[in-house]
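Heads up: the structure comes next, in structure tokens.
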Amino acid sequence: MNKTMFALTYCFEGVDDNCPYACTIAVSMDKEKLREKMMKCVEEDCTEPTDEDDDWNTDCNYQVFKNYGDDVMLQHRKYINLYTTYKIHSVEVVE
């Protein structure tokens, strides 16, 4: 019998001299828990820096560009060609 669970994956799409990468940051049988985790991550990423020098920081200073529920895309406020995404998707459990 194939079992499935859900994974929350983060994708940094890269810009200029920043290389793109993706990683799964959490897995759960409970999709709602992953939605809560995703929204906390989005909230942290959308934090505006208090110091002007940090406006170009790629760890924060994003805004929600598209929100499809289980798939949220963020756009950086300064690097307007920089996007990150969080996506919840079904994955197979390998035993």
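The number of residues in the stretch 72-90 that are buried (at least 19 other Cβ atoms within 10 Å of the Cβ), within 16 Å of Pro20 (Cβ to Cβ) and in contact (Cβ under 8 Å) with a residue 40 or more places away in the chain comes to 5. Against the test of being surrounded by 14 or more Cβ atoms within 10 Å (Cβ to Cβ) and of a type in the set (Ser, Thr, Tyr), the options Thr9, Thr50, Thr4 yield a single qualifying residue, Thr9.
This table checks each residue for (1) touching a Cys at 6+ places or on another chain (Cβ under 8 Å); (2) closer than 16 Å to Lys37 by Cβ; (3) among the hydrophobic types (A, V, I, L, M, F, W, C).
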| residue | (1), (2), (3) |
| --- | --- |
| Asp51 | no, no, no |
| Asp54 | yes, no, no |
| Asn67 | no, yes, no |
| Asp71 | no, yes, no |
| Leu74 | yes, yes, yes |
| Lys78 | no, no, no |
| Asn81 | no, no, no |
| Thr85 | yes, yes, no |
| Glu92 | no, no, no |
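No lab work stands behind these numbers, since they all come straight from the coordinates. Predicted, not measured: the structure shown is a model, and the values here were computed from it. Using ideal geometry, Cβ is built from the backbone for each residue, glycine included, and neighbour counts are taken over all protein chains shown.
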